[in-house]
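First comes the structure, then the notes that go with it.
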Amino acid sequence: MASEGAYLPTEVVMEIASWLDHPLMFIGRAHLARRQAALYNFCLVNRQWYSVGIEILYRIPMLWSGNSFEKFTRTICPSTKERRSSMKLDLGSLVRNLNLSKLVHQSSNSKTSRLLKMTSANLSIFTAPRVSFSTLDLRQVGDSSMSFTQLKKAISKLQNLYSLTLPTRMTITRTLLHTDPWPASLGSLNIGGNLDASVMETFSWPQNLGVLAISQCQNLSDSILRSILSNEQIQEKVHMLIIRSDCKFVIGDDDRESFGGLFYFDYLETLQIPVDLAEYFTLVGDALPGTGGGGTGFPAVEHLRMVSFGDRVSEDDFGLSSFESNFEHKLLDSLEFGALSDIWLLRITAKLFETFISPLRLIDDIIMRHVEHVSDEALDDWGCEMGLLVAHDLAD
């Protein structure tokens, strides 16, 4: 940066900078490149000019010529060593419009996620790169001014995107399906944060959604569960449902129908839930109100083949009655006669299995009897283990 020269009032310097940012100053396809070069040189005049121009320079970075993208990434996401020696100014927070649409090979899933995390504070427009993403994990993106609608619009052109994990603090809102379509290839979606039951009830899910995961949800209530599981689009498409124990459950003692929508799923094959939910929603126990009977109360889920019971959630976060001592007996009954009487694989955590009295072989034998009359072709297509599997960690 040049040494200090003649002083100009800050208002005058700001007026000069505003002209460099004026769209009429640079006309043509390369106007953003010329704008960026002019503002870069502006910032080199002295400290006063730098303090005025740096915010404008980073507002709309031009990243598709030469090695500008690599330089920008190293500046916004420096290595640990570089971070110690860099200035304390949060340059990422100055970015308002992040346009990666002209990038083909320079970016990657992890690099794009890091950039979004570092620029999310005031980012209002994001245009995804043309790279053929199949997986995009945005869990690490914190608080952002970018809305769900803007994010959905940004990913709509990622036609090879199969798996998407939304930012954990993003609020999901209604969007117009015809103007903001999901990528046609999107088959796996992970949601969380604060959900709204009224939005979930009529939410337009990806048209080919097969895997739905709910994690780090801060208000997973009975009404939200009902809204999600009763959605016809979910019931017709989803074959794998995952509800993780890192959610904060807000369930009332009288709301025992929240899980009932599962039994209207057309193709549900895999279910992973905390064991508290399995017990509370009577997946392995008493009848739901209105089913007109005792016992298990549920018919066997026609296509359910694999069930995973994760560890219990914290009692402080889970407003339910204490864990019932006869859970194991309910599980055995359900494996024999109830909702789990057709499953081929049951996965439980080692911590949960330690509470069981029945020998592992008994549970395993019951499950193996389920597959005695299954065709060899169907078992070959399944391609997974069968019986009881004790796992130390059920997280993906």
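The values are calculated or read from the model by the stated rules, or taken from the named source; none is laboratory data. Everything numeric in this text was worked out from a predicted model, so none of it was measured. So basically every Cβ, Gly included, is an ideal-geometry build from the backbone, and we count neighbours across all protein chains shown.
Here are the numbers:
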| quantity | calculated |
| --- | --- |
| Filter result (surrounded by 13 or more Cβ atoms within 10 Å (Cβ to Cβ), out of contact with any Leu (no Cβ under 9 Å at 6 or more places or on another chain) and not charged (D, E, K, R)) within the range 338-365 | Leu352, Thr355 |
| Qualifying residue in the range 155-168 (condition: surrounded by 18 or more Cβ atoms within 10 Å (Cβ to Cβ), touching a Leu at 6+ places or on another chain (Cβ under 6 Å), modelled with pLDDT under 85 and part of a loop (DSSP other than H, G, I, E, B)) | no |
| Some residue of the range 283-294 being at pLDDT 80 or above and of a type outside the set (Val, Ile, Thr) | no |
| Cβ-Cβ under 8 Å pairs, at least 6 apart or on other chains, the range 40-60 side over 23 Å from Leu123 (Cβ atoms) and in contact (Cβ under 8 Å) with a residue 24 or more places away in the chain, far side among the hydroxyl-bearing types (Ser, Thr, Tyr) and assigned to a loop (DSSP other than H, G, I, E, B) | Asn46/Ser3; Gln48/Tyr7 |
| Matching residues, the range 93-120, being at pLDDT below 70 and part of a loop (DSSP other than H, G, I, E, B) | Val104, His105, Gln106, Ser107, Ser108 |
| Condition check for Ser341: hydroxyl-bearing (Ser, Thr, Tyr) and at pLDDT 75 or above | yes |
| Matching residues, the range 232-274, being closer than 23 Å to Asn194 by Cβ and at pLDDT 90 or above | Gln233, Ile234, Val238, Leu241, Ile242, Ile243 |
| Segments classed as strands (runs of 3 or more DSSP E), wholly inside the range 188-277, with at least 3 members that are of a type in the set (A, V, I, L, M) and under 16 Å from the mean Cα position of the chain (by Cα) | 211-217, 240-243 |
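Yes/no per residue for (1) of a type in the set (Val, Ile, Thr); (2) crowded, with 20+ Cβ neighbours inside 10 Å; (3) in contact with a Phe, Trp or Tyr (Cβ under 6 Å, 6 or more places away or on another chain):
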| site | (1), (2), (3) |
| --- | --- |
| Thr173 | yes, no, yes |
| Asp180 | no, no, no |
| Asn190 | no, yes, no |
| Asp196 | no, no, no |
| Asn219 | no, no, no |
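Residue-wise test of (1) modelled with pLDDT under 85; (2) surrounded by 14 or more Cβ atoms within 10 Å (Cβ to Cβ).
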site	(1), (2)
Trp19	no, no
Arg29	yes, no
Gln36	no, yes
Asn46	no, yes
